[in-house]
């Protein structure tokens, strides 16, 4: 080394130590980002209510005269309401998960994944954020329940709120799990249409789940959304003034080989599926990027 050379100090890189508080803060930040993104998009908030209104007040009102005899005088809107509520939550949760694909295309996801926090914290924050957004959408549908003939009862409101909150989390984890490997938004939207619509129509949202053809019964019982729509419908029908015959016809409940599945077990199935898909999503994000 000559006398003119100057040795410069080497800057040390310090990586913060992972702590529980840091992981919780990462979860909170990702969760807040989802809320900010949703609240700033008023058009999305408005358009996401279009489908529930169309199904409830256009389809439900239009078909009511055709189905009056088979529903025992009960409005078709009231029968459809539990399924439409689940649909609103499901679509909003899936679109929240779709933002992962956008973040990947624009490079923001890579910046998140290189942060000195566990990737599981990012996934959990994302799932909680999407579930919160979908729950808010569900609350709006709960608020218009009176227009569909659903009484404003504290038991109905809190029970339905709890079930749709759990459904929102489960569907968001499902969407995040799919988005973990999808590189383009077009592919994700095509995959969503291929999976979400069959899940909705097979769940019993549009028809009673008894006396179905054997093949349709099997598909209905393996549809995860079935175990969210059925308890919501059961809660609603418990507070309607209808005859036992109409109740049996329109709300027969889900059965396994003749055994009537209890409501708590149905809710537990939704919760377990959500936790399983959350674990798969975390594993997928640990391998990707």
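Bear in mind that the values in this text are calculations on the coordinates, not laboratory data. The structure presented is a predicted model; accordingly, all values stated were derived computationally and were not measured. Cβ placement follows ideal geometry from the backbone for every residue including glycine, while neighbour counts extend to all protein chains displayed.
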With T = 10 °C, eta = 1.306 mPa s and Kirkwood Rh from C-alpha pairs, the Stokes-Einstein D of the chain in µm²/s is about 77
Counting other beta carbons within 10 Å of each Cβ, put 120, 99 in order, fewest first.
120, 99
Let's test the formula: R0 of 30 Å, r as the Cβ-Cβ distance of residue 63 and residue 152. What FRET efficiency results, to the nearest 0.05?
0.75
Calculated SAXS-style log₁₀ I(q)/I(0) at q = 0.10, 0.11, 0.23 Å⁻¹ - region 160-284, Debye, Cα scatterers:
-0.36, -0.43, -1.39
Give me the base-10 log of I(q)/I(0) for region 197-262 at each q in 0.12, 0.14, 0.28 Å⁻¹, Debye formula, one uniform scatterer per Cα, rounded to two decimals.
-0.28, -0.38, -1.38
For n ≥ 4 DSSP H runs only, could you compute -39500 (n - 2.57) per run for the chain, divide by its residues and tell me the 222 nm figure to the nearest 500?
-22000 deg cm²/dmol
Tell me the angle of helix 263-287 to the major Cα principal axis of the chain, expressed in degrees between 0 and 90 and rounded to the nearest ten.
30
The simple spin-label model distance between residue 193 and residue 275, using points 7 Å out along Cα→Cβ, in nm, is 3.7
Label point 7 Å beyond Cα of residue 35 along Cβ direction - residues of region 129-151 with amide nitrogen under 14 Å
129-137
Helix 226-237 vs. the chain, principal-axis angle (Cα, 0 to 90°, nearest 10):
50
Quick check: residue separation of residue 113 and residue 49 times 0.36 nm, minus the Cα distance between them. What number comes out in nm?
19.7 nm
229, 182 arranged by Cβ crowding within 10 Å, fewest neighbours leading
182, 229
With eigenvalues of the C-alpha gyration tensor scaled by 5 and rooted, region 125-192, Å:
30, 13, 8
The chain: angle of helix 154-179 to the longest principal axis, Cα-based, in degrees nearest 10:
50
Listing 177, 197 by rising number of other beta-carbon atoms within 10 angstrom, fewest first, gives 197, 177
What nm value, rounded to one decimal, do you get for the distance between residue 241 and residue 28 when each label is placed 7 Å out toward the C-beta?
5.0
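What FRET efficiency would be calculated for the residue pair residue 283, residue 217, taking the C-beta separation as r and a Förster radius of 41 Å, to the nearest 0.05?
FRET efficiency, residue 283 to residue 217: 0.80.
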